[in-house]
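Notes for the one structure printed next.
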Amino acid sequence: MSRIELPDGIALDDPRPIAAGAPYTFFLPQPDELAALGPGDEIKAIFREIAGGREYDAERMWVLIERIENGDVIGTLDNEPKDMKLITLGDPVRIPLTHAISTLFRDDRVDPHVPVRQYWERCFVDDCVVAGRCHADYIYREQPDMTREGDKDEDSGWRIRGTDEAIEEDRLAGREPHYIALGKVLNADDRWLHLIDREIGVAFQWDPDTRDYIELR
């Protein structure tokens, strides 16, 4: 079994439950990527100061790999923590490869990472959908008109509405629609994922009988 050896007072967050809960916005290294790692490469992990109480109780930091043994990375911290006091640059650590959230290859080898489709383009969505109070009931894609100069991610044109009852509850509670990443919507409800690349101008309504969307236009 992999062991975690860290300075006293420091723990490591397991990223797998985070990825399971947010599969469209939190991505872990792929198995081939981890298998290709070797001495001189690096992995990033989430370190946490157990006592807490600091501005940054958890920090994502790089570990320089000295060797990999029985599924563990043995190496040294390659970051100066922003706020933690119980771990510092150069400290020895031993952590499981399963806790890596990112990789960095230092030499000229081909990075085996295969890009994963990500969903950072923006959309408008009712609060009730993101909060899980209802499903994506009516979705349509219009000409994107919200992208502004300097925006990192563009407006996808997708507009995701909840059920009439949930929208009315949002209105009475003063909850406004969100302009957020598609991935955050998919984390809450991905039943419409197969439609996400459809062209501008389409519209779909959820049909509870067929448990799929009916194209309206």
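Taking the Cα atoms only, what angle lies between the long axis of helix 164-173 and the longest principal axis of the chain, rounded to 10 degrees? The answer is roughly 70 degrees. Quick check: net charge around residue 193, other residues with Cβ under 13 Å of its Cβ, Lys/Arg +1 and Asp/Glu -1? Local charge sum for residue 193: -1. Dividing the mean sequence gap of close Cα pairs (under 8 Å, 6+ apart) by how many residues the stretch 122-215 holds gives a relative contact order of 39 percent. Within the straight-line cut-off of under 20 Å between alpha carbons, the lysines reachable from residue 184 are 152, sequence neighbours fewer than 8 places apart in one chain being disregarded. Sparse packing (at most 13 other Cβ atoms within 10 Å of the Cβ) combined with a DSSP loop state is found for the following chymotrypsin sites (Phe, Trp or Tyr not before Pro) in the stretch 1-89: 56. Proximity of backbone amide H atoms, modeled 1.01 Å from N, is registered between residue 9 and no other residue at under 5 Å, excluding neighbours fewer than 5 places apart on the same chain.
When exposed loop sites are taken as GluC sites (Glu not before Pro) in a DSSP loop with at most 11 other Cβ atoms within 10 Å, the longest stretch of the chain clear of them is 56-148.
The H on the amide N of residue 212, modeled in the peptide plane, is under 5 Å from the matching H of 207, each at least 5 residues off or on a different chain.
Our coupling estimate for the stretch 30-45, obtained by passing each phi through the Karplus curve with A = 6.51, B = -1.76, C = 1.60 and θ = phi - 60°, is 7, x, 4, 5, 5, 5, 7, 5, x, x, x, 7, 9, 10, 10, 9 Hz, Gly and Pro reported as x. Listed by chain and number, the lysines whose alpha-carbon sits under 25 Å from that of residue 85, ignoring those within fewer than 8 places in the same chain, are 44.
Computed on the chain, with alpha-carbon pairs under 8 angstrom and 6+ residues apart, the relative contact order is 19 percent. For the stretch 117-178 versus the stretch 4-47, the spacing of their alpha-carbon centroids is 31 Å. With the simple spin-label model, which puts each label point 7 Å out from Cα in the Cβ direction, the residue 54 to residue 173 separation comes to 3.7 nm.
Set Lys and Arg Cβ to +1 and Asp and Glu Cβ to -1, take the dipole of the stretch 10-104 about its Cα centre, and tell me which of 93, 25, 43 lies farthest positive. Checking the options against the dipole of the stretch 10-104, the answer is 25. Legend: ranking of residues 103, 210, 98 from fewest to most surrounding C-beta atoms inside 10 Å; resulting order 210, 98, 103.
Suppose every Lys and Arg Cβ carries +1 and every Asp and Glu Cβ carries -1, with no other charges. What dipole size does the chain come out with about its Cα centre, to the nearest 20 debye?
Working: 27 positive and 47 negative charges, 48 e Å.
So the dipole magnitude of the chain works out to roughly 240 debye.
Could you identify which residue out of 116, 129, 93 has the top mean-square fluctuation in a GNM of the chain using Cα springs shorter than 10 Å? Maximum fluctuation in the GNM of the chain, among the listed residues, is at 116. Size check on the stretch 10-104: the Cα extents along the three principal axes, sorted descending, read 38, 32, 20 Å.
If we count every other residue with Cβ under 13 angstrom of residue 143's Cβ, Lys/Arg +1 and Asp/Glu -1, where does the sum land?
-3
Each residue of the stretch 142-157 was assigned a 3J(HN,Hα) from its phi angle through the Karplus curve 6.51 cos²θ - 1.76 cosθ + 1.60 (θ = phi - 60°); the sequence is 10, 4, x, 9, 10, 5, 10, 4, x, 4, 6, 10, 7, 6, 7, x Hz, with glycine and proline shown as x. Rounded to the nearest Hz, the phi-derived 3J(HN,Hα) couplings of the stretch 176-184 under the Karplus curve 6.51 cos²θ - 1.76 cosθ + 1.60 (θ = phi - 60°) are 9, x, 10, 10, 9, 5, 3, x, 5, where x marks glycine and proline.
Calculate the spin-label point distance for residue 190 paired with residue 118, positioning each point 7 Å from the Cα along the beta-carbon direction, and give it in nanometres. For residue 118 paired with residue 190, the spin-label model returns 1.6 nm.
Could you tell me the relative contact order of the stretch 10-104? Use alpha-carbon pairs under 8 Å, at least six residues apart, and round to a whole percent. Let's see the in-between values first.
On the way: 190 pairs, mean separation 29.9, N = 95.
Worked out over the stretch 10-104, it gives 31 percent.
Where a ≥ b ≥ c are the square roots of the eigenvalues of the C-alpha gyration tensor, would you call the stretch 122-215 rounded, which needs a/c under 1.5, or, failing that, prolate if a/b is larger than b/c, or oblate? Oblate, since a/c reaches 1.5 and b/c is not below a/b. For the residues 107, 91, 126, a GNM of the chain with alpha-carbon springs under 10 Å puts the largest fluctuation on 107.
Here, each number is a calculation from the coordinates, and none is a lab measurement. Everything quoted here is computed from the prediction, not taken from an experiment. Positions of Cβ are generated from backbone atoms using ideal geometry, with glycine treated the same way; all protein chains shown enter the neighbour counts.
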